[in-house]
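K.L.:
Once you've had a glance at the structure underneath, I'll fire off some questions.
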Amino acid sequence: MTSSHQTPAPCQWFSRLAAALDRRSAPRLALLLLGAVLARGRRTVTTWIRAAKLSGQYQSCYIAVGAAGKRADRIARRLLIEVVTPLLKGATRLTLALDDTPTKRYGPHVVGAGVHHNPTPGPAGSPYVYGHVFVVLGLLVTHKAWGTIALPLLSRLYIRKKDLPAIDPKHRPAFRTKPELAVELLRWAKPWLGLLKKPIWVVADGAYAKKEFLKPAAALGMTVVSRLRKDAALRSLPGPKPPGRRGPAPTYGPDVIDLAKRAGQRRGWSTDTFDLYGEKAVKRYKTFLATWRPAGGAIRVVLVDEPTGWRAYFCTDTSASVADILGMVADRFSLEITFRECKQIVGAGQQQVRFIWANIGAFHICLWTFTLTEAWAWGRKDAELVDRTASPWDSMLRRPSHADKRRAWRRELLGEEIRAVLRPGVTDLEILATADRLLSLAA
């Protein structure tokens, strides 16, 4: 992707992303991004403010967080072009991942919060969670040593229709389903990723395998891979158009395909070895072509025989190989890992803000700092990111975690601050101020 300026250095990323806001909020957002990286403990907005040394401007900082939520599309565009695009060198195609994730919230006055299905209830957890649900778009990139990593770019807040009347009409969004929000994200990404002149594939959760998502994605020229319902109403391929018949050729075949019967038949199964989840895996599978109305035509279906039962996947590109389809299904799991890291390490959902745009902005700041951290660590050796000599019980071959990368970047940022203070002519007050700041960040 071409750009009118050079790729900024990591120390300039915060300012370049924040430049999407007006001149009043941009400097504060740049410092808040820095504070979000340096913050420790519970990652509330106030923790970001203290880490960024903006305690005297805390009210304006909350305004900047809300402004980031309103201008999230612009900031995400700068993130994609200036930070993420250099990581795509050598890629033959671009792979987007889509899924939704809830963030727990507390209190009746959190705008847009509601009761949603909890995808990870745990042993004693409730099947429902009160909070926000975000539909997230991530770009899958492959590192030569770390494997596939999902870099979140942009998200949309999903609000149930019954929760919309409680929002001030001035800030109340129109109701949109999750597939409709996912299509919005694809339409945002298409113009910028299209400049790379590479095919775009999308892998999504089975909940998005609906006509409201599949047909707009096809109209954008994107190939979709997802899970197929076991009771999907598949039909055979259409035969040739009868001679003398007027009108277009048929799109759907005359015969109904029962996936359960296909999976139950002993014939037609094949066995092969695939690269899944970073290792070799032997899979027993069956593949065939079918037509499906939600996809608007022919699809490639892959049945996989798993120990817990058979599963069905599909791809809207009928020429796709089984290795491509199963590989993308496995790579989609990296987005689930990103959700976990964003919540446990970055602190997504801990910000304790009420206003709808502040909630959207705070969630995006967490997503963006995750992507910035991974991009900063991309070209560095493992020895630069983590030192395991103090932990002889740990595996020296284990790849650096996101927490390791975040700590390494934090050490570099603080090291630059220390070196700036140690310049010739520094006063005792400056040294004491820096020492007090570093102690407050450490303890």
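K.L.:
For a quick check of understanding: with a 1.4 angstrom probe and all protein chains in place, what accessible area in square angstrom does L137 have, to the nearest ten?
P.N.:
Estimated to the nearest 10 Å², L137 gives 0 Å².
K.L.:
Hey, what did the range 369-422 get for relative contact order, percent, Cα under 8 Å, at least 6 apart?
P.N.:
41
K.L.:
If you don't mind, there's one more thing I want to ask. Can you tell me the length gained on complete extension of the stretch S55 to T271, counting 0.36 nm per residue apart and subtracting the Cα distance?
P.N.:
Working: separation 216, 0.36 × 216 = 77.76 nm, distance 6.16 nm.
Full extension of this stretch gives 71.6 nm more.
K.L.:
List the aspartates and glutamates whose alpha-carbon lies under 20 Å from that of K89, not counting same-chain residues fewer than 8 positions away?
P.N.:
Those aspartates and glutamates meeting the cut-off are D324, D331, E374.
K.L.:
Whenever you get a sec, compute what percent of the accessible area on the range 123-181 sits on carbon and sulfur atoms (1.4 Å probe). Please report the intermediate quantities before stating the final value.
P.N.:
Details: 1580 of 2830 Å².
So the carbon and sulfur contribution to the accessible surface is 56 percent.
K.L.:
Which whole-Hz couplings ³J(HN,Hα) result when phi for each residue of the range 95-101 is put into the Karplus expression 6.51 cos²θ - 1.76 cosθ + 1.60, θ = phi - 60°, listed in order with x for Gly and Pro?
P.N.:
So the J values, rounded to whole Hz, are 10, 9, 10, 10, 6, 10, 9.
K.L.:
If you keep only loop residues by DSSP, which trypsin sites (Lys or Arg not before Pro) in the range 96-183 have at most 11 other Cβ atoms within 10 Å of their Cβ?
P.N.:
Qualifying residues, ordered by number: K144, K170.
K.L.:
Next question. Can you flag which of K144/K280; K381/K405; K162/K215; K70/K198 are past 22 Å Cα-Cα?
P.N.:
Values: K144/K280 16 Å; K381/K405 11 Å; K162/K215 27 Å; K70/K198 30 Å.
Pairs exceeding 22 Å: K162/K215; K70/K198.
K.L.:
For the full complex of protein chains and a 1.4 angstrom probe, list V322, V202, V256, V115 by accessible area with the highest value first.
P.N.:
Output order, biggest surface exposure first: V256, V115, V322, V202.
K.L.:
Taking all protein chains as present, what is the carbon and sulfur share of the accessible area of the range 220-260, in % to the nearest whole number, probe 1.4 Å?
P.N.:
55
K.L.:
Can you compute 3J(HN,Hα) from phi for each residue in the range 177-187, using the Karplus curve 6.51 cos²θ - 1.76 cosθ + 1.60 with θ = phi - 60°, rounded to whole Hz and x for Gly and Pro?
P.N.:
6, 4, x, 5, 5, 5, 5, 4, 5, 5, 5
K.L.:
Sticking with this structure for a sec: Loop only per DSSP, at most 14 neighbouring Cβ atoms within 10 Å: give me the chymotrypsin sites (Phe, Trp or Tyr not before Pro) in the range 156-209, ordered by residue number.
P.N.:
F175
K.L.:
With contacts defined as alpha carbon pairs under 8 Å and 6 or more residues apart, what's the relative contact order of the range 118-192 in percent?
P.N.:
25
K.L.:
Would you list, by chain and number, the lysines whose Cα falls below 22 Å from the Cα of K261, excluding same-chain residues fewer than 8 positions away?
P.N.:
Straight-line reach from K261, under 22 Å: K230, K283, K286.
K.L.:
Which percentage, to the nearest 5, of the DSSP beta bridges contained in the range 142-298 is antiparallel? Before the final figure, lay out the partial values.
P.N.:
Details: 14 of 17 bridges.
Of those bridges, close to 80 percent are antiparallel.
K.L.:
If you roll a 1.4 Å probe over the range 261-401 with all protein chains in place, what percent of the accessible area is carbon or sulfur?
P.N.:
49
K.L.:
Quick one: which residues, 5+ away or cross-chain, put their amide H under 5 Å from the amide H of A348? H built at 1.01 Å from N.
P.N.:
For A348, whose amide H was placed from the backbone, the distant partners under 5 Å are K343.
K.L.:
Please give the per residue accessible area of the range 42-156, computed with a probe of 1.4 Å over protein heavy atoms only, in Å². All intermediate terms of the calculation are to be shown ahead of the outcome.
P.N.:
Working: 4960 Å² over 115 residues.
So the range 42-156 comes to 43 Å² accessible per residue, rounded to a whole number.
K.L.:
In Å², and per residue, what accessible area does the range 361-422 have when probed at 1.4 Å with the other protein chains present? Write out the running numbers ahead of the final one.
P.N.:
Numbers: 2990 Å² over 62 residues.
Heavy-atom SASA per residue in the range 361-422 reads 48 Å².
K.L.:
Let me ask something else. Counting pairs of alpha carbon atoms under 8 Å apart in space and at least six apart in sequence, what relative contact order in percent does the chain give? The partial results should precede the final answer.
P.N.:
Values: 709 pairs, mean separation 76.8, N = 443.
Taking the mean separation of contacting Cα pairs over the length of the chain, I get 17 percent.
K.L.:
First select every other residue whose beta carbon is under 14 angstrom from the beta carbon of Y58; then total the charges, Lys and Arg +1, Asp and Glu -1.
P.N.:
Around Y58, the charge tally is +3.
K.L.:
Can you list the trypsin sites (Lys or Arg not before Pro) in the range 244-322 that are in a DSSP coil and have 14 or fewer other beta carbons within 10 angstrom?
P.N.:
R245, R246, R266, R267
K.L.:
Still on this structure, I have one more. Counting heavy atoms of the protein chains only and a 1.4 Å probe, report the per residue accessible area for the range 196-311 as a whole number of Å².
P.N.:
Averaged over the residues of the range 196-311, the accessible area is 59 Å².
K.L.:
Please work out which option in [x] 24.4, 95; [y] 23.5, 80; [z] 21.6, 69 gives Rg and Dmax of the Cα atoms in Å calculated from these coordinates, and answer with its label.
P.N.:
Evaluating Rg and Dmax of the Cα atoms in Å on these atoms matches [x].
The values are calculated or read from the model by the stated rules, or taken from the named source; none is laboratory data. This structure is a prediction, so every number in the text was calculated from the model and none was measured. Counting neighbours? That spans all protein chains shown, and the Cβs are built from the backbone with ideal geometry, glycine included. Quick note on the areas: whole protein, heavy atoms, side chains included, nothing else; ligands and nucleic acids left out. Shrake-Rupley method; radii C 1.70, N 1.55, O 1.52, S 1.80 Å.
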